[in-house]
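J.: Have a look at this one.
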Amino acid sequence: MIVLSFGGKAPRVAESALVADSACLIGDVEIGDNTSIWPGVVIRGDAAPIRVGNNCHIEENTVLHGLVTIGDNTMIGHNCVVEGNVGHNTLIGNGASVLVEAKVGNLCIVAANAVVLENMNIPPRSFVAGVPGRIRGELTQHNIEMMEFYMPYYIGLVEEYKRQGIWRR
Ligand SMILES: CC(C)(COP(=O)(O)OP(=O)(O)OC[C@H]1O[C@@H](n2cnc3c(N)ncnc32)[C@H](O)[C@@H]1OP(=O)(O)O)[C@@H](O)C(=O)NCCC(=O)NCCS
């Protein structure tokens, strides 16, 4: 992984995290236990602190910048931009954006390619889709089952990458 200090602050990464060689972490960044950071992810803590919780999965080419917190057990798909806050047990779909000072609550789904606008506050258990992002309703049982499928799948995948010594630090 590419780890660079900025303004005297260096990224702190839990021993148990899996971070791809090509991921780039800059400045005031904290990565929690068993979190995975996939190739091409950029987490740039030069403007404000960025905190990523435990058991999160941040997929390829996603960018985190600004004052960002990501709760535990949250999954951020491929090619996302996150500049706001995301709660626990939430899925941010591929290509979605969460703009500055937006807040996405716990147990939410932001659909692929949606844009959560600046300062928007998404309550827990919401399903958001579209550009601009609109709350389409509460999560359904089907949505919850989909999330319950993704998380163990990723936990197993991360374990397998570690077992094979891929991106060992
Ligand atoms: C949102 C999602 C989970 C589908 O959930 P679902 O409950 O099965 O949703 P449905 O397909 O029944 O669609 C519900 C409504 O949302 C709309 N919708 C679903 N996904 C949408 C999207 N990405 N953008 C805009 N609208 C969307 C549907 O058109 C439908 O609209 P309607 O009620 O007017 O007919 C899926 O489309 C998605 O975006 N998944 C993200 C997967 C991902 O990125 N994973 C990352 C890890 S690999």
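J.: Considering only residues of segment 39-57 that are within 16 Å of the ligand (Cβ to nearest atom) and touching a residue at least 24 places away in the same chain (Cβ under 8 Å), which is surrounded by the most Cβ atoms within 10 Å (Cβ to Cβ)?
T.: Across segment 39-57, the extreme among qualifying residues is 56.
J.: Right, residue 119: modelled with pLDDT of 95 or more, assigned to a loop (DSSP other than H, G, I, E, B), more than 16 Å from the ligand (Cβ to nearest atom) and out of contact with any strand residue (DSSP E or B) (no Cβ under 6 Å at 6 or more places or on another chain) or not?
T.: Yes: the conditions hold for residue 119.
J.: Among the residues of segment 86-114, write down those that are surrounded by fewer than 19 Cβ atoms within 10 Å (Cβ to Cβ) and not in a loop (DSSP other than H, G, I, E, B).
T.: Selection gives 103 alone.
J.: Which residue pairs have Cβ atoms under 8 Å apart, sit 6 or more places apart or on different chains, and have a first residue in segment 111-129 that is in contact (Cβ under 8 Å) with a residue 12 or more places away in the chain and a second that is acidic (Asp, Glu)?
T.: 118/101; 119/101; 125/138; 126/138; 127/138
J.: Do you know which residues across segment 79-98 are closer than 18 Å to residue 38 by Cβ and either of a type in the set (D, E, K, R) or touching a residue at least 40 places away in the same chain (Cβ under 8 Å) (or both)?
T.: The answer is 91, and nothing else.
J.: If you take just the strands (runs of 3 or more DSSP E) that sit entirely in segment 23-74, which of them hold at least 3 residues that are at pLDDT 95 or above and closer than 18 Å to residue 169 by Cα?
T.: Where strands (runs of 3 or more DSSP E) fall fully within segment 23-74 and carry at least 3 residues being at pLDDT 95 or above and closer than 18 Å to residue 169 by Cα, they are 24-31.
J.: State which residue is farthest from residue 63 (Cα to Cα) when the search covers only segment 83-109 and only residues that are of a type in the set (A, V, I, L, M) and either more than 8 Å from the ligand (Cβ to nearest atom) or touching a His at 6+ places or on another chain (Cβ under 7 Å) (or both).
T.: Filtering first and then ranking leaves 107.
J.: Any idea which of 148, 160 is modelled with pLDDT under 95, outside any loop (DSSP other than H, G, I, E, B) and either at positive phi or of a type outside the set (Lys, Arg) (or both)?
T.: Answer to the check: 148.
J.: Can you pull out every residue in segment 7-54 that is in contact with a Leu (Cβ under 6 Å, 6 or more places away or on another chain) and over 21 Å from residue 164 (Cβ atoms)?
T.: 11, 26, 43, 48, 50
The values are calculated or read from the model by the stated rules, or taken from the named source; none is laboratory data. None of these values were measured; they are calculated from a predicted model. We place every Cβ from the backbone using ideal geometry, glycine too, and count neighbours over all the protein chains shown.
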